[in-house]
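Input: a single structure, listed below in structure tokens.
The values are calculated or read from the model by the stated rules, or taken from the named source; none is laboratory data. In this text the structure is predicted, and so the values were computed from the model without any measurement. Here the Cβ positions follow ideal geometry from the backbone for every residue, glycine too, while neighbour counts run over all protein chains shown.
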């Protein structure tokens, strides 16, 4: 493939006659698909199909109120899945992430409600608890050499007991702090929502265009400029439509209570998505994560401190589990013995895998957790609108997860054959 060159200094980078055009870019993309590099395509197609089917079968699925419910229902699972991506990239697993979120939520509730501490102290303590949990798990895996499956399975069982101890058995601790309750149950004013949309799209466009210009000036291959603009327009269209729908009135009695605006938890997810994406794709640490996940021995010989990378991945995973626990506590306005339990872990792991993160390590993005979380939320929400039983919900979600894992295995086999 040829590179982008510039023969004279000009105000904007000019592509040479041999630069890859849109047609060649499309052919290269199709070639990657045939080679097994499917990326997030299966998750996106699955999301489109599911939304279409549920909208046809149950027209109430695509109302403004239910659209907001999708974000609220999938928020905690998505945040936990973001952390799990880091562990899965190393080819490891964390079975304790669900109940780790429950432990951190219990810490939040005890400090905020029972001890009366400010919300920011309770939040900081909950996240710090998650970090400590991840440090211990990572140490046992990396330094002691216990398989992550065994360590986190033991933690899964222990954390259930710890939650019960923190909340004094089977009691329910209510969340009364208005700031903590607002995370999931309050909305951003419509004008601020549009302002965040404008700033976000402008920032994304600036990053894309600067990246194109930088690669062109260095003579590196880059996506054609029309493709860059198309990517910006598509993101603006999707997010703009979402903001518009969320800014519609969702209240049954708007004169009494108005429900308009983007739920506060949505910007929280977006900020964390941007931050962790930057960490994985724009820092040396992120490159080391992929290197260790791809080939641990080769990474060690290249001078990467493998044990430190493995421990840090578990730290990030449990810290994000703490954030997910805080969101879950906000949604339920309380913490009980079931917080972080039930199907939370299964849905979080499923979200990461459905989104495109490989169970074999070395392949995945934080965006996968968001896309997979959306798929899980759509399934749960749509099945609920159809009055499907819990058995049908679990069966359907399990089949989708199995399909995603099969696609991952087959794509890796196809990629290995194409080499």
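Scanning region 96-117 for residues that are surrounded by fewer than 22 Cβ atoms within 10 Å (Cβ to Cβ) and in contact (Cβ under 8 Å) with a residue 12 or more places away in the chain yields 110, 111, 113, 114. Restricting attention to region 50-61, does a residue exist that is out of contact with any helix residue (DSSP H, G or I) (no Cβ under 6 Å at 6 or more places or on another chain), surrounded by fewer than 17 Cβ atoms within 10 Å (Cβ to Cβ), within 22 Å of residue 404 (Cα to Cα) and at pLDDT 85 or above? Scanning region 50-61 turns up at least one residue that is out of contact with any helix residue (DSSP H, G or I) (no Cβ under 6 Å at 6 or more places or on another chain), surrounded by fewer than 17 Cβ atoms within 10 Å (Cβ to Cβ), within 22 Å of residue 404 (Cα to Cα) and at pLDDT 85 or above. For region 299-314, the set of residues classified as over 12 Å from residue 142 (Cα atoms) and in contact (Cβ under 8 Å) with a residue 12 or more places away in the chain consists of 304 only. Scanning region 240-267 for residues that are part of a helix (DSSP H, G or I) and either in contact with a helix residue (DSSP H, G or I) (Cβ under 7 Å, 6 or more places away or on another chain) or more than 19 Å from residue 198 (Cβ to Cβ) (or both) turns up 240, 243, 245, 246, 265, 266, 267. Modelled with pLDDT under 95, under 15 Å from residue 319 (Cβ atoms) and in a loop (DSSP other than H, G, I, E, B) - does that describe any residue in region 108-130? No - not one qualifying residue is present in region 108-130.
On inspection, residue 388 fails the criterion of being at negative phi and within 21 Å of the chain's Cα centre (by Cα). Any residue at all in region 367-382 that is surrounded by fewer than 20 Cβ atoms within 10 Å (Cβ to Cβ) and either under 9 Å from the mean Cα position of the chain (by Cα) or under 16 Å from residue 39 (Cα atoms) (or both)? No: region 367-382 contains no residue that is surrounded by fewer than 20 Cβ atoms within 10 Å (Cβ to Cβ) and either under 9 Å from the mean Cα position of the chain (by Cα) or under 16 Å from residue 39 (Cα atoms) (or both).
Considering only residues that are without any contact (Cβ under 8 Å) to a residue 12 or more places away in the chain and exposed (fewer than 15 other Cβ atoms within 10 Å of the Cβ), which ones fall in region 385-402? Passing the criteria: 387, 389, 390, 391, 392, 395, 398, 399, 402. Remark: pairs (first residue in region 26-37, outside the structural domain of residue 408 (by TED's automatic domain parsing); second residue surrounded by fewer than 14 Cβ atoms within 10 Å (Cβ to Cβ) and in a helix (DSSP H, G or I); Cβ separation under 7 Å; 6+ apart in sequence or on different chains) = 35/418; 36/418. So which residues in region 206-239 are surrounded by 15 or more Cβ atoms within 10 Å (Cβ to Cβ), touching a helix residue (DSSP H, G or I) at 6+ places or on another chain (Cβ under 6 Å) and more than 30 Å from residue 61 (Cβ to Cβ), if there are any at all? Within region 206-239, 208, 212, 222, 224, 227, 228 meet the criteria. The residues listed here are 156, 139; of these, the one that is touching a residue at least 60 places away in the same chain (Cβ under 8 Å), more than 18 Å from residue 88 (Cβ to Cβ) and in contact with a helix residue (DSSP H, G or I) (Cβ under 8 Å, 6 or more places away or on another chain) is 139.
Considering each residue of region 151-173, count those that are surrounded by 17 or more Cβ atoms within 10 Å (Cβ to Cβ) and in contact with a strand residue (DSSP E or B) (Cβ under 7 Å, 6 or more places away or on another chain), and give that number. Of the residues in region 151-173, 2 are surrounded by 17 or more Cβ atoms within 10 Å (Cβ to Cβ) and in contact with a strand residue (DSSP E or B) (Cβ under 7 Å, 6 or more places away or on another chain). Residues that are buried (at least 24 other Cβ atoms within 10 Å of the Cβ) and at pLDDT below 85 within region 340-355 comprise just one, 340.
Quick one: would you say residue 68 is modelled with pLDDT of 90 or more and over 30 Å from residue 135 (Cα atoms)? Answer is yes for this residue. Restricting attention to region 51-93, the residues being over 16 Å from residue 320 (Cα atoms) and assigned to a helix (DSSP H, G or I) number 21.
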